[in-house]
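Please read the structure below before turning to the comments.
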Amino acid sequence: MPDSRFFKSKGPFSVYDIAEHAGCELIGEPTTMISDIATLRAAQVGHLSFLNDSFLEQPRYKEEFKACKASACIVAEQHIPMAPEGMVLLVSDNAHDAYARVASKFYPAMYRSRTGIASNTHIANTAHLGVGCVVEEFVYIGEDVDIGPGSYISAHSYIGDGVKIGANAKIYPSVTVMYAMLGDNVIIHPGARIGQDGFGYAVSKAGITKVPQLGRVIIGNNVEVGANTCIDRGAIEDTVIGDNCKFDNMVQVGHNVRVGNHCLIVAQSGIAGSAELHDGVMLGGQSGINGHIDIGAGAKIAARSGVVSNVKAGETVGGFPAIPIREWHRQTVTLKNMTKKNHDQ
Amino acid sequence: MPDSRFFKSKGPFSVYDIAEHAGCELIGEPTTMISDIATLRAAQVGHLSFLNDSFLEQPRYKEEFKACKASACIVAEQHIPMAPEGMVLLVSDNAHDAYARVASKFYPAMYRSRTGIASNTHIANTAHLGVGCVVEEFVYIGEDVDIGPGSYISAHSYIGDGVKIGANAKIYPSVTVMYAMLGDNVIIHPGARIGQDGFGYAVSKAGITKVPQLGRVIIGNNVEVGANTCIDRGAIEDTVIGDNCKFDNMVQVGHNVRVGNHCLIVAQSGIAGSAELHDGVMLGGQSGINGHIDIGAGAKIAARSGVVSNVKAGETVGGFPAIPIREWHRQTVTLKNMTKKNHDQ
Amino acid sequence: MPDSRFFKSKGPFSVYDIAEHAGCELIGEPTTMISDIATLRAAQVGHLSFLNDSFLEQPRYKEEFKACKASACIVAEQHIPMAPEGMVLLVSDNAHDAYARVASKFYPAMYRSRTGIASNTHIANTAHLGVGCVVEEFVYIGEDVDIGPGSYISAHSYIGDGVKIGANAKIYPSVTVMYAMLGDNVIIHPGARIGQDGFGYAVSKAGITKVPQLGRVIIGNNVEVGANTCIDRGAIEDTVIGDNCKFDNMVQVGHNVRVGNHCLIVAQSGIAGSAELHDGVMLGGQSGINGHIDIGAGAKIAARSGVVSNVKAGETVGGFPAIPIREWHRQTVTLKNMTKKNHDQ
């Protein structure tokens, strides 16, 4: 269960309220009170736990569930028979999603340790901050910046001249945002870099000439940007990120890239300049997308893939150069078999 | 065309002046006035656009050019016949380079929103700043630091004791520079880390002993370092970067690395300790260079290559372990064919 | 030899004292005085150098040793015959480790340019700093933070509410630490991010729901974390790093990861959520570890490997998907031969 040094529970709540909130079917005594959430292993009486069916291949989760002491647990329908006697069950067809909602009920979203505008900041006279904004110490806010109501700007962040940020943003410490327009409810994790120059040079016999980077970064609503991730601004068109996209840590987004809505981009992957990802694309960790190519809606790129050409909507690719994932698995097996054959000869 | 919220055009200029400045041959009325630059798609009357021949494989650029409303356009000689009627043409044998020069004429280089030394900084008494330096809020400048005239140090940057920076540097926010000597006209993007300890340990039965890192980072003139890129200082010799090198974001440069002049290093690539890159080397994105190896002048390393041994001058390599690029492409085809054959049997 | 602009030597010392300190056998005049350390190439009379046997494959080191002007040198037993006449020899069965100890004698560890608590900081009233702590300008220290004696917090660092840091920590500039408990003698390099949200989302038909990240980061003693490296806190269990682990720059550590003691993790590698590394694991640069897998004690992961399933204790793996390294080398050769054969036909 979460360390109260860092996290303050809003509980207790009754299992009835919890099931209601998470859209679960309830099996057991509705007035059972839950003080906190905990893992299967750590849970005690009065706690609620959850069995994430996507991890059920790991045998230890099954054993932990059977031995779990929690008063209540979120489960999928097919795991009801395994439940320990007396445990209240919250049945969901998406246990992970239900857990997310319950956890948010006990520990509501945004970390807001402070209120108001700290005195030791630099805020330009022409900047405008909405009602209820919080600004921590050592923040720099440039000319003509416009920040929506309820946004929280943490220490050491830099919001460059002209930047717009929507309502209820959470900007963590040491972030830089320049030449950018951000939507509502964005979360930017520490050290993320948004809006710096793209990598644009003209190479000639005379040498390397820097191409002025004159576009912007446009980010939609409900976007999350991971720690130390970099999103370059456009060269002359904009770099555009749609709504509900989630970027993990240390992702590289080159200039003029266009990302649709609902994309998930895992850590250390990179998207080269002018590539386009349509809605719902998922990039696995450490993968790379070539410049100027097109990744169709709902495509899945396996971890560590190197994608060099267009990917069709809905396709899943892997390897380098990336190919349909089944083909890549076959190639892996073929090479293994060939090697064995050659070596056995 | 660039958003005037962020970028202020120095125009208008006549096409005559522009062609002169960019070294282009002019076809059309020399007194035509240009107020701004814009993409083929977005351009209107009074704008100048450009047709980058390296992207002509993309059919849409050709169509956009034919329908372009710009008053003038930078083109290569062979595309003159495709031009819309009445468009003034600025003909160049390197359209990208010419565009870079024109864009710099409309939007001259460095972003300088401020002048003077902000009051809320820490600048050691023994530090020396040249004439015309700008220092934004919350900057830390240590003892004996020496910064050349006209340099701009953005908020939250840290210039450690003894560091030297040349003239006309642009240090973006949240940069750290320690144990380093930088040349003139360097541009360091947000969150870059220069001069921290290299990764040096002696491993023995007794455990892991840290090796003191006692070298420096030496960076030449006109070098650009991308956001969140890390350049470690030498273990006892120096880490050395030549003139005119350009590093993209999140590049790792290990201790004792030596990089020649005019090298281009794309995002998320890594150069392990004590490797040497000679003049004009290009590293593709997400590539890796093994420690203690030598990459000859003008060598090109394809994106996502893993280079484990020396590369000769002028060679182009790809894959992992990296081999001559044609060989790598053949291997890719061979594996594909073998897999098909096996599967069809 | 180290630049006195940045590094102050504590020497001179006699070779007798040095050999004693480093546990070396001494061959030559014990009263010989050494003023400084230097590379084989740069060393002059009065200097001490070292011959790192792991680099002896590089012919130039042998030549440099033969021509070396240093008054003394650390060597392995087998290289004694090659030594120049008159050179005092400090013989060690681990020359690199002996060098590390000697270098630390001349240049003792921690960089401490300052003393005391700077005035221009934000330190919450409820925070507690041990005796002898140093806090540089523009540091943010939140509520209930507890920092052990002798720790050094550099400018622009952010220590979030409730964080504990042990004794003698060195926190470099622009670091963020949140929701974390750190042991003694930790070194955190510039821009490292510790304790931010892990990448946790529940994906359903309704969209992407953020899973509150309610765990912590627990870091042991003598751990070093490289520049711009990111260690996410746990989702509900903790992310745990054992004693004596060393992380290079730009490493990604996902939520719930468990790392044992004495692990070495080279730059740009990534460890996905809930993976476990046991004691003494080494990860090569740019390698990746899949989520939820187990890497046995003492396993070695070659650079640029992509590890998708469990690795047994003591095993060395390479390639992607990673396999025993010898097997991977064989596959490389097989593919090369097949390609040659096909092409020659």
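The values are calculated or read from the model by the stated rules, or taken from the named source; none is laboratory data. In this text, all values refer to a predicted model and were calculated from it rather than measured experimentally. No Cβ is skipped: glycine too gets one built from the backbone with ideal geometry, and neighbour counts run over all protein chains shown. The area values use the complete protein model at the heavy-atom level, side chains included, leaving out ligands, DNA and RNA. Shrake-Rupley method; radii C 1.70, N 1.55, O 1.52, S 1.80 Å.
The table below gives the values:
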| quantity | calculated |
| --- | --- |
| Subset of the range A:112-146 (residues that are among the acidic types (Asp, Glu) and closer than 16 Å to B:Thr121 by Cα) | A:Glu137 |
| Those residues of the range B:238-251 which are part of a strand (DSSP E or B) and either over 14 Å from the mean Cα position of the chain (by Cα) or more than 28 Å from C:Ala38 (Cβ to Cβ) (or both), in sequence order | B:Thr239, B:Val240, B:Lys246, B:Phe247 |
| Matching residues in the range C:208-217 - criterion: being part of a loop (DSSP other than H, G, I, E, B) and within 7 Å of chain A (Cβ to nearest Cβ) | C:Val211, C:Pro212, C:Leu214, C:Arg216 |
| Verdict on A:Glu237 being more than 10 Å from every other protein chain (Cβ to nearest Cβ), open to solvent by 10 Å² or more (accessible area, probe 1.4 Å) and acidic (Asp, Glu) | no |
| Any pair with Cβ under 7 angstrom, 6 or more apart, that starts in the range B:319-345 at a residue that is more than 9 Å from chain C (Cβ to nearest Cβ) and over 30 Å from B:Asp294 (Cβ atoms) and ends at one that is basic (Lys, Arg) and outside any loop (DSSP other than H, G, I, E, B) | B:Thr339/A:Arg330; B:His343/A:Arg330 |
| In the range A:136-177, the residues that are over 21 Å from the mean Cα position of the chain (by Cα) and of a type in the set (A, V, I, L, M, F, W, C) | A:Phe138, A:Val139, A:Ile141, A:Val145, A:Ile147, A:Ala155, A:Ile159, A:Val163 |
| Considering residues of the range C:307-332 that are in a strand (DSSP E or B) and either open to solvent by less than 30 Å² (accessible area, probe 1.4 Å) or among the small types (Gly, Ala, Ser) (or both) only, the residue farthest from C:Gly285 (Cα to Cα) | C:Val311 |
| Near pairs, Cβ below 9 angstrom, 6+ apart or cross-chain, from the range B:11-25 (of a type in the set (S, T, N, Q)) to any residue that is not in a helix (DSSP H, G or I) | B:Ser14/B:Pro30; B:Ser14/B:Thr31; B:Ser14/B:Thr32; B:Ser14/B:Met33; B:Ser14/B:Ile34 |
| Considering residues of the range A:185-207 that are modelled with pLDDT of 95 or more and open to solvent by 10 Å² or more (accessible area, probe 1.4 Å) only, the residue farthest from the other protein chains (Cβ to nearest Cβ) | A:Asn185 |
| Residue within the range A:246-256 that is aliphatic (A, V, I, L, M), buried (at least 23 other Cβ atoms within 10 Å of the Cβ) and within 21 Å of C:Asn290 (Cβ to Cβ) present | yes |
| The one condition in (1) among the polar types (S, T, N, Q); (2) over 13 Å from B:Phe106 (Cα atoms); (3) at pLDDT 95 or above that B:Asn52 fails to fulfil | (3) |
| Hey, A:Lys66 farther than 30 Å from C:Lys164 by Cβ and at pLDDT below 95 or not | yes |
| Test set (1) in contact with a Lys or Arg (Cβ under 8 Å, 6 or more places away or on another chain); (2) within 12 Å of chain B (Cβ to nearest Cβ); (3) of a type outside the set (Lys, Arg); (4) farther than 20 Å from B:Gly200 by Cβ - C:Met82 fails condition number | (2) |
| First in the range C:56-79 and of a type in the set (A, V, I, L, M, F, W, C), second anywhere and modelled with pLDDT under 90 and crowded, with 18+ Cβ neighbours inside 10 Å, Cβ under 7 Å, 6 or more apart | C:Ala76/C:Asp53 |
| Count of the range B:224-234 residues which are part of a loop (DSSP other than H, G, I, E, B) and either in contact with an Asp or Glu (Cβ under 9 Å, 6 or more places away or on another chain) or surrounded by fewer than 24 Cβ atoms within 10 Å (Cβ to Cβ) (or both) | 5 |
| Residues that are farther than 17 Å from B:Ala322 by Cα, open to solvent by less than 60 Å² (accessible area, probe 1.4 Å) and within 10 Å of another protein chain (Cβ to nearest Cβ), drawn from the range C:290-306 | C:Gly291, C:His292 |
| A:Asn221 surrounded by fewer than 23 Cβ atoms within 10 Å (Cβ to Cβ) and over 19 Å from A:Ile293 (Cβ atoms) | yes |
| Scan of the range B:258-289 for residues that are outside any loop (DSSP other than H, G, I, E, B), open to solvent by 40 Å² or more (accessible area, probe 1.4 Å) and facing another protein chain (nearest Cβ under 10 Å), ordered by number | B:Met282 |
| Matching residues in the range A:115-135 - criterion: being within 12 Å of chain B (Cβ to nearest Cβ) and either in contact with a Lys or Arg (Cβ under 6 Å, 6 or more places away or on another chain) or not in a loop (DSSP other than H, G, I, E, B) (or both) | A:His122, A:Ile123 |
| Residues satisfying the stated conditions in the range A:143-179, i.e. surrounded by fewer than 24 Cβ atoms within 10 Å (Cβ to Cβ), of a type outside the set (Phe, Trp, Tyr) and part of a strand (DSSP E or B) | A:Asp146, A:Lys164, A:Lys170 |
